[in-house]
Structures are given as structure tokens and as C-alpha cells.
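> Mind having a look at this structure? Questions to follow.
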Amino acid sequence: DSPMQLSKVLFDDLGLRCVKRTKTGRSTDAEVLEELAAEHPLPARIVEYRQLAKLKNTYADALPQAVSKVTGRIHTTLKQDVAATGRLSSHDPNLQNIPVRTDRGKEIRKAFVPADDKHVLLSADYSQIELRIAAGLSGDPKLVHIFQHGEDVHAATAAQVFGVPQDKVDHEMRRRAKVINFGILYGMGVNALRGNLGSGVSRDEAATFLADYFKAFQGLQSYIEKVKADASRLGYTETLYGRRRYFPEFASSLPGLRAQA
């Protein structure tokens, strides 16, 4: 659990290479450990340990303590004024990130059951909501066309980016297009995109994907650049309904803080 001691074991005792440094020394974050896992079995075990520790501390130990003595159930508190983005947040316990991606996480999900046979748990999700909003706000003709015609947005994007007919888009092309679609909306740069596309993708390839994407969806690129320019000039962004999110970092003299904003 000590990054300092772990870095000594990995880099001094085992002699593994230092992948990146932080202000406090040699990094042992998940990205570093996953890269080093190809060179030695220990980093992979550390990743697994951290996943288990999180499941234990956040859920297995904490959730039973959150059961109401009155109802015998778990009740969260939903707040509207905590997250800077304006989305609802869930507290004590946080029920918005119950794990689902791993087999062990799915086991924890099994603890959530309806109160009785008169109740059900209902799960509802918008279909590609961020991309629909992006199409509406930017007015990008190709993105709008995809949604108006009920097409698979990731397959259609892959066809545009890779220059192939939609029926020739394979699973890997669609996966990469999905990564790019959502990465673009959350400000992912070339390096982050490369990491999310998976091993074997070079920085140059990631940069090419990004360039081809914006060549295909120029209306979306213009909209994103306009939002950045307006935010830099005004110091805030604004929703359709007038809710503002302020970015004082734009006035900072530090380039890193401005880039982060």
C-alpha cells in the first residue's frame, strides 16, 4: 500500500524500468503497472491486489454498515449541487459506481435485490446520449445524418474514419471508433487516446485517427474549438438552459493549468 516502498521493490530490487515520474518520485500507478506486467509477474499481482482492496474497502466492508436499522435496506442521498458538471451525485453510500466489469464486481452487484416480489429494480439508459447532444449542439451534418437515419453511430463513424463501407466495418474498427467518439467529447488528447486504443497502437497512429476523425466531422471540430475559445475568453461554459461552469484556471500564468481547463 506504500507507493514509495513499492517503487523500491519494483525499480531497485527487481530492476524494472521507470516508466514515468511524478512530483513525488517514480510512478506506480495502474498504467505503469500494466505496462510493466509484460516484463515481470509482480506488477500484475499488484494490480489485482488493488482491485480486490477497493472491492473490499468500498463495498464488502462498507455496504453492510450502511443498512438502515429502521428499514433493513440501504438508502443513498442524491445531491444536485456537488458535482461541478451539474450531474446528480450519490452519497453514503455511492450507488452510482457499483462494479460490473469484473466477475468479482458482478458478485457484489448480486447483493442488490428488490424489497419483495411487488418491487423490481429498473435500469434505464439513454442511447448514446452524449453523441446525440454533440450532434444537436454542433449541427455536424454527418453526425446528425447518422442519428436521423437510426444508424449504429460507432459503425458509421468507423466507416467515415477508415474510409470503408459500413458493411465492411469489423469489430476492431468499431471498437476504435467508439473509443475516439467518447474520447473526443471528454477532451482526450493523442497520448490518452493511444493508451485507450490498446497496446500496439503508436502515437503516430493515434494522431492519424484523430486527424481523420476531425476531417470527417468538421462541424463537430469547429464547435469544440469554439467552446474552448469562448471558455477561454469568458472564463466559463454555459448549458442551453444557462447553467454556468466557471474555469478560473484560464487566467492562470501556468500553461499546465490553462491546458487542464
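The values are calculated or read from the model by the stated rules, or taken from the named source; none is laboratory data. Note that the structure is a prediction, hence the values are computed from the model and not measured. As a convention, Cβ positions derive from the backbone with ideal geometry for all residues, glycine included, and neighbour counts pool all protein chains shown. Keep in mind that these areas ignore ligands, DNA and RNA; they rest on the heavy atoms of the full protein, side chains included. Shrake-Rupley method; radii C 1.70, N 1.55, O 1.52, S 1.80 Å.
> Quick one: in the range 55-89, which of the residues that are β-branched (Val, Ile, Thr) and either in contact with a strand residue (DSSP E or B) (Cβ under 8 Å, 6 or more places away or on another chain) or open to solvent by 80 Å² or more (accessible area, probe 1.4 Å) (or both) is farthest from Thr239 (Cα to Cα)?
Val70
> Limited to the range 42-54, what total is found for residues that are closer than 26 Å to Gln96 by Cβ and open to solvent by 60 Å² or more (accessible area, probe 1.4 Å)?
Initial filter on the range 42-54 (closer than 26 Å to Gln96 by Cβ): 47-54.
Narrowing the set further to residues that are open to solvent by 60 Å² or more (accessible area, probe 1.4 Å) leaves 48-52, 54.
Total meeting the criteria: 6.
> Can I ask one more? Identify, by number, the condition in (1) within 21 Å of the chain's Cα centre (by Cα); (2) free of Cβ contacts under 8 Å to residues at least 24 places away in the same chain that Pro114 doesn't meet.
Result: Pro114 fails condition (1) only.
> What residue, of Ala177, Ala216, Ala134, Ala158, is open to solvent by less than 40 Å² (accessible area, probe 1.4 Å) and touching a His at 6+ places or on another chain (Cβ under 6 Å)? Break it down stepwise before answering.
Details: Ala216 fails: touching a His at 6+ places or on another chain (Cβ under 6 Å); Ala134 fails: touching a His at 6+ places or on another chain (Cβ under 6 Å); Ala158 fails: touching a His at 6+ places or on another chain (Cβ under 6 Å).
Exactly one of Ala177, Ala216, Ala134, Ala158 is open to solvent by less than 40 Å² (accessible area, probe 1.4 Å) and touching a His at 6+ places or on another chain (Cβ under 6 Å), namely Ala177.
> From (1) under 30 Å from Pro165 (Cα atoms); (2) free of Cβ contacts under 8 Å to residues at least 12 places away in the same chain; (3) open to solvent by less than 80 Å² (accessible area, probe 1.4 Å), pick out the condition that doesn't hold for Tyr126.
(3)
> Quick one: which of Gly150, Gly136 is small (Gly, Ala, Ser), in a helix (DSSP H, G or I) and under 25 Å from Gln218 (Cβ atoms)? First the steps, then the outcome.
On the way: Gly150 fails: in a helix (DSSP H, G or I).
Criteria check complete, one pass: Gly136.
> A further question on this structure: Mind counting the residues in the range 1-19 that are under 28 Å from Leu197 (Cβ atoms) and either assigned to a helix (DSSP H, G or I) or under 21 Å from the mean Cα position of the chain (by Cα) (or both)? Write out each step before concluding.
So the first thing to find is which residues in the range 1-19 are under 28 Å from Leu197 (Cβ atoms), and the list is 3, 6-7, 10-11, 16-19.
Remaining after also requiring either assigned to a helix (DSSP H, G or I) or under 21 Å from the mean Cα position of the chain (by Cα) (or both): 3, 6-7, 10-11.
Counting residues in the range 1-19 that are under 28 Å from Leu197 (Cβ atoms) and either assigned to a helix (DSSP H, G or I) or under 21 Å from the mean Cα position of the chain (by Cα) (or both) gives 5.
> Please work out which one of (1) loosely packed, with under 11 Cβ neighbours inside 10 Å; (2) on the phi > 0 side of the Ramachandran plot is the condition Asp92 fails and give its number.
Result: Asp92 passes all but (1).
> Quick one: in the range 65-111, of everything that is among the small types (Gly, Ala, Ser) and under 21 Å from the mean Cα position of the chain (by Cα), which residue is farthest from Glu48 (Cα to Cα)?
Taking the range 65-111 and keeping what is among the small types (Gly, Ala, Ser), we get 66, 68, 72, 83-84, 86, 89-90, 105, 111.
When the remaining residues are screened for being under 21 Å from the mean Cα position of the chain (by Cα), the result is 83-84, 86, 89-90, 105.
Details: Ala83: 29, Ala84: 31, Gly86: 33, Ser89: 28, Ser90: 27, Gly105: 13 Å.
Among those that are among the small types (Gly, Ala, Ser) and under 21 Å from the mean Cα position of the chain (by Cα), it is Gly86.
> Oh, and also: Return the residue satisfying two criteria in turn: it lies in the range 4-25 and is out of contact with any Lys or Arg (no Cβ under 8 Å at 6 or more places or on another chain), at pLDDT 90 or above and not hydrophobic (A, V, I, L, M, F, W, C), and of such residues it is nearest to Asn57 (Cα to Cα).
In this case the residue turns out to be Gln5.
> Which residues, counting only those in the range 139-155, are open to solvent by less than 60 Å² (accessible area, probe 1.4 Å), within 22 Å of the chain's Cα centre (by Cα) and either of a type in the set (Asp, Glu) or within 17 Å of Leu185 (Cα to Cα) (or both)?
The answer is Leu143, Val153, His154.
> Of all residues in the range 226-261, which are among the charged types (D, E, K, R) and either assigned to a helix (DSSP H, G or I) or in contact (Cβ under 8 Å) with a residue 60 or more places away in the chain (or both)?
In the first step, residues of the range 226-261 are kept if they are among the charged types (D, E, K, R); the result is 226, 228, 230, 233, 238, 243-245, 249, 258.
Lys226, Lys228, Asp230, Arg233, Arg243, Arg245, Glu249, Arg258 - these are the residues of the range 226-261 that are among the charged types (D, E, K, R) and either assigned to a helix (DSSP H, G or I) or in contact (Cβ under 8 Å) with a residue 60 or more places away in the chain (or both).
> With the requirement that a residue be part of a helix (DSSP H, G or I) and open to solvent by 50 Å² or more (accessible area, probe 1.4 Å), what does the range 31-41 give you? It would help to see each step written out before you state the result.
Within the range 31-41, the first condition is being part of a helix (DSSP H, G or I), and the residues that meet it are 31-36, 41.
Answer for the range 31-41, where residues must be part of a helix (DSSP H, G or I) and open to solvent by 50 Å² or more (accessible area, probe 1.4 Å): Glu31, Glu34, Glu35, Pro41.
> Also, I was wondering about something else. Could you list, in sequence order, the residues of the range 224-250 that are closer than 20 Å to Gly183 by Cβ and open to solvent by less than 70 Å² (accessible area, probe 1.4 Å)?
Ile224, Val227, Ala231, Thr237 - these are the residues of the range 224-250 that are closer than 20 Å to Gly183 by Cβ and open to solvent by less than 70 Å² (accessible area, probe 1.4 Å).
> Please return the ranges of helices (runs of 4 or more DSSP H) entirely within the range 170-225 where 2 or more residues are under 27 Å from Ala38 (Cβ atoms) and in contact (Cβ under 8 Å) with a residue 40 or more places away in the chain. Steps first, answer last, please.
Numbers: elements: 171-185, 190-197, 203-216.
Counting at least 2 such residues, we get no helices (runs of 4 or more DSSP H) at all.
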